Structures are given as structure tokens and as C-alpha cells.
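Below: one structure, written as C-alpha cells.
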Amino acid sequence: MMARKKVQSRNDGAMPMVHPNAAAIDVGATLLMAAVRADRSSEPVRSFGTFTTDLHRLAAWFAECGVETIAMESTSVYWIPIYELLDARGFTVFLVNARDAKHAPGRKTDVSDAQWLQRLHSYGLLRASFRPKGNFIELRGYVRQRERLLEYAASHIQHMQKALTEMNLQLHHVVADITGATGLRIIRAILAGEHDPKALARLRNYRCHSSSETIEKALTGSYRAEHLFALEQALALYDVYHEKVLACDIRIEAVLKELSIGRDHKCNALPPSRRRTDQVNGLAFDARSALFALLGKDITKVDGFGPYLALKLVAECGDDLLAWPSAKHFTSWLGLAPNNKISGGKVLSSRTKRTGSRAAALLRLAAVTVGRTDTALGAFYRRLSARIGKAKAVTATARKIAALFYNAVRHGMDYVDPGASFYDIRYRHRVVENLHRRAKTFGFVLQPIEPASGTVS
């Protein structure tokens, strides 16, 4: 009887197998190490190459072994062709963050790594990273490519500034942006052979803050041939990258139209925009209308969101946000919520976790932007910035904006800004109520403060 009870207690404490038909892949640049359960094959760990024929052999072997789910670490970009091929073959692929699958001591070979991943995955100890589905993968690829092209173009703006400085042409000191209307017009005229400062100053746009006389002084310099050559090449490369950006815009617009097919949002009318739509490096189409046709909501109502930033956020997170049960789960995934570490009832740390999420970076950018506005979110940012510093205020404001974005996309919430004054008044009332509550706790009575005589109200 004693022995039987002991065996029964051991079985009760056994960890249940969540994914009995699990496999794992240790991904490398030229070698893949795949592992299945020991009872599924005489050789449960096999190596494969990374050519497409090798990937098809890997998928066929998984099918023979009855594999349904596969775990792999997100190693550089090597996992992408493997993931896409296995997903197309009907397998459920778990893309795992390497931090969540740390190697146990002694497991330092490709074979043991694959076996360890397979074991962890079979018991449900690995979480799959979020990856958008369907055409949103394509949309995200085009948006990210557009961002890369703009970064490459920005480097050539610096090259143009360098060439102008070497000729002692102080154009970037008298115009806000040398790639604006005035700057590009003058640069193209210089490369066309016009070197007269007065003629160049007449190309000034009427919205330019600097006068024609100031621009004329700034454009008096030495037009040496080698510097003009460098300026010409930098401008040519800048134009090429912006042509490629325009090609990305065409693809993005096409994908958005395809995603919007079958979504009946005609009952809702797009409200007029409260902000300027002509942004620097803006999209070549009406992104606000395209997003409204996709979501049925105008998420640019949320302070800090322009059409382009909203598009990038939708491309990163999708259009339904069903992967996160609540706004708290969403902000935690973004790394904007406190990562509490508690031991013995004591909070050891509450720092937010480090993350390379592009969506989190976009929300932080929106928080910095909204901090300069006369809105409720702007007042919230400024109050926190004065109390705990700008870095933490950006994180806290980004978390608020993320929650508003989640509720707008997932639940269709309409955001209405109550204004900075409303927020400040509510904050003062809350402070006064807290003071009265504390005074009552300690037996004090707070008297209203009368204004001093002679003061101006």
C-alpha cells in the first residue's frame, strides 16, 4: 500500500504534455538541426541543409513523423524561408524569442539544442512571438522597406550639406530643410549652372522665413568643380531613393485596398481632419482614408497619431489585435508596462523590460510629439516629466497612447480629447481629496486658505 501511494503521488506531479506531436529546429546559416520525439523515428535528430530542396525534405520528414507543431528560434533572418515554407505546408510554427529558450548548462551543441527546444515545446514552456497573418505580412514588408529607403536617402542629405559647406554655401543655415521647396530649387539651379547669388535668392519660396538678402549672402561662395560633382551625385542618389519610395507607396496602397475588400464601413463617414496632412516624407496617397476603409475608425483622432505613423503601427500589429486579450496584455508585449520582480512580498524592481519592438518605438515617438501639444495627454506628459523625468514620462505616455490605440482598433472606441485644462483641474481635485483623506486619518481639519489682502486674483 505504501509503495502504491508513492507511485501515485509521482504520477500526479508529472508535467502534462501540451504538444505531443512537437518538433524543433536549431536554425543556422548553412545547417538546420531538426529534432522530433524519440518514439517517432529511429533517428530522432537529423541535420539538413538550407537549400530549398533540403527544406522540402525537412517538411516531408516532419510529415512522416506525424509532427503538427514546430518550434524554432528567431535567429537573424535565417528563419524566414523555413518559417514560410513550413507554414505553407500546414504546420503550426512557433517562432520563439531566444531569451525565452536559454540553453541549460551542458547543452552547447546543435544536437542538444534541438533536443532541448523540442522538449520545452512539447511541455508548452515556449511562447510564440507575434507575427501578423495574411496580407499584413506583405504590408509590413513594404512599410519597412520604405523606412529603410528613407534612411538611405537621409544619408545623402548629409552628403549634400557637406558639399555645400565645402563651397562655403550656408544654405542649410538659412532654410529649415535643404530638401524643401526652396532648398531643392536652389540646389538644382546651382547644378544647372546658375551661380549668381541674386538669381538664386529669387528662387526663394514665399513661405521661407529668411529674406532674399540673407539667402543671397549665404549663397556667395566658391563653386569648385569637385564639390559640384559631389553635390550632383548626392542629389542624384537622393532622387533615386525617393523614386523607390514612390514605388513602395504604390504597393502599400494596393495592399490596403485588397485588405479593405468586403469590409462594409460605408455607414460611417470619415470626419474632417484636425491636423495638417502634408507631412515631410508623407505617403503619396490618402493614407487616412485608406486606414478608415480598413478599420472603420479614424485612429488619427488619438493625439500623437498622424496617418503615416498610424499606418506603420497597423502594419506592425494588424487590424484586430486579437492576439492580446486586453490592453494590459498589449502594453506588456510592447514593453511599456512595469516588469515587476517581487520576492518575499517586496518589489525588487519595476523597470520596463528592454525591447526592440518597432511598434513600441513608434508609440514613444508619438508620446514625444504629443508632449508639445495643449491636450490632456500633453498635460499628463508634462506633469510626469517634471516629477519623474522625461524618459519615464515618455514611457508612461506611450503606454496611455497604446491603450487608446488598442481600444480604438479592438473595441471601436471613439477618442475625444477633453483638453489640458480638464486634465489639470481633475488632477488638482484628486490632490485635494487625498489631502483631506490623510488629514481625516490623522485627526486634522483642513481649513480653506483665504487669499492675502492686496493680492491680485
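A few comments on the model shown:
- Placing Phe444, Phe229, Phe305 in order of accessible area, with the largest value first and a 1.4 Å probe, yields Phe444, Phe229, Phe305.
- Modelled spin labels at Thr50 and Ala14, positioned 7 Å past Cα toward Cβ, are 3.9 nm from each other.
- For the chain, the solvent-accessible area with a 1.4 angstrom probe is 59 square angstrom per residue.
- Degrees, to the nearest 10: 376-388 long Cα axis against longest axis of the chain: 80 degrees
- Helix 135-166 and the longest principal axis of the C-alpha atoms of the chain enclose an angle of approximately 40°.
- When shorter helices are ignored and each DSSP H run of at least 4 residues is given -39500 (n - 2.57), the per-residue value for the chain at 222 nm works out to -17000 deg cm²/dmol.
- Using a cut-off of 21 Å between Cα atoms, the listed pairs Lys328/Lys400; Lys162/Lys312; Lys297/Lys400; Lys301/Lys400; Lys353/Lys392 include Lys162/Lys312 as exceeding that distance.
- Exposure check, 1.4 Å probe, all protein chains in place: Asp298 carries approximately 20 Å² of accessible surface.
- With all protein chains in place and a 1.4 Å probe, the accessible surface of the chain carries 54 percent carbon and sulfur.
- For Arg185, the solvent-accessible surface with a 1.4 Å probe is about 100 Å², rounded to the nearest 10.
- Cα centroid separation - region 106-150 against region 396-437, whole Å: 36 Å
- Hydrodynamic radius of region 39-191 per Kirkwood, over alpha carbon pairs, in Å: 19.9 Å
- Candidate values (1) 102, 78, 51; (2) 68, 53, 35; (3) 98, 52, 35, label of the one derived for Cα extents along the principal axes in Å: (1)
The values are calculated or read from the model by the stated rules, or taken from the named source; none is laboratory data. For clarity, every value in this text was computed on a predicted model and none was experimentally measured. Because the Cβ atoms are built from the backbone with ideal geometry, glycine has one as well, and the counts that use them run over all protein chains shown. When the accessible area is computed, the model is the full protein with side chains, heavy atoms only, and any ligands, DNA or RNA have been set aside. Shrake-Rupley method; radii C 1.70, N 1.55, O 1.52, S 1.80 Å.
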